[in-house]
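Worksheet: one structure, shown below.
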Amino acid sequence: MRLALEEARLAAEVSDEVPIGAVVVLDGEVIARAHNQTRAQTDPTAHAELVAIRAAAQSEGSMRLVDATVYTTVEPCFMCAGALSHARVARVVWGVRDPKFGGCASLGEVLTDPRLNHQVEWSEGVCADEARELLQSFFRSKRAAKAAEPRD
């Protein structure tokens, strides 16, 4: 999770992206890591989890990431949860829930829906305080910048 937090910091500090990072681990080795790139790529699907699983799939030469664990700083959205299920990852670990978009526990349960042909084990709360602080400070600074803008 520390590597995912590093990626989240990069997202905010280098790319002015929402600070979310993800890391894919297989057989005890990091095979991919990424952060949000939606603004940089002008792509609404360039979430940290998707960028990381794409890189991991290419690294492994397979669209299936069986036995992989994905660490992400924030609960995956419905889109990312669907991709994680399609990739057949074994486990997802996240820092904080996303009450507005979370598709794994907050607003839905994509990873464990029994109607799907693959269920993903998940756990939460790892490095939650750090992940929450990154998000809160990012959005706090965005609100402060907006408040400081001159008004017509």
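The values are calculated or read from the model by the stated rules, or taken from the named source; none is laboratory data. Note that the coordinates shown come from a computational prediction; the quantities given were computed from them, not determined experimentally. With ideal geometry, Cβ positions are generated from the backbone for all residues, glycine too; neighbour counts draw on all protein chains shown. In case anyone asks, the SASA skips ligands and DNA or RNA and just uses the protein heavy atoms, side chains included. Shrake-Rupley method; radii C 1.70, N 1.55, O 1.52, S 1.80 Å.
Rolling a 1.4 angstrom probe over the chain with all protein chains present gives an accessible area of which 52% lies on carbon and sulfur atoms. Dipole magnitude for the chain: computed about the Cα centre from +1 point charges on Lys and Arg Cβ and -1 point charges on Asp and Glu Cβ, it is near 360 debye. Surface analysis of the chain yields an accessible area of 54 Å² per residue, using protein heavy atoms and a 1.4 Å probe. For the chain, the relative contact order comes to 19 percent (Cα pairs under 8 Å, sequence separation of at least 6). Centre-to-centre, using Cα atoms only, the range 102-118 and the range 1-63 are separated by 21 Å. When W122, W94 are compared by accessible surface with a 1.4 Å probe, the order from highest to lowest is W122, W94. Antiparallel versus total DSSP beta bridges in the range 35-152: what percent is that, nearest 5? Among the beta bridges of the range 35-152, antiparallel pairing accounts for roughly 10 percent. Put a dot 7 Å past the Cα of S137, heading toward its Cβ, do the same for L107, and the two dots end up 2.7 nm apart. Overall, the range 83-145 carries a charge dipole of about 280 debye about its Cα centre when +1 sits on the Cβ of Lys and Arg and -1 on the Cβ of Asp and Glu, all other atoms neutral.
Estimated at the nearest 10 Å², the accessible area of L111 is 0 Å² with a 1.4 Å probe. Would you be so kind as to identify which of A83, F101, H35 lies farthest towards the positive end of the dipole of the chain, taking Lys and Arg as +1 and Asp and Glu as -1 on Cβ and the Cα centre as origin? Looking along the dipole axis, the top candidate is F101.
The fraction of Cα-Cα pairs per 5 angstrom bin, counted from 0 for the range 15-104, comes to 3, 16, 28, 27, 17, 7, 1 percent, rounded to whole percents.
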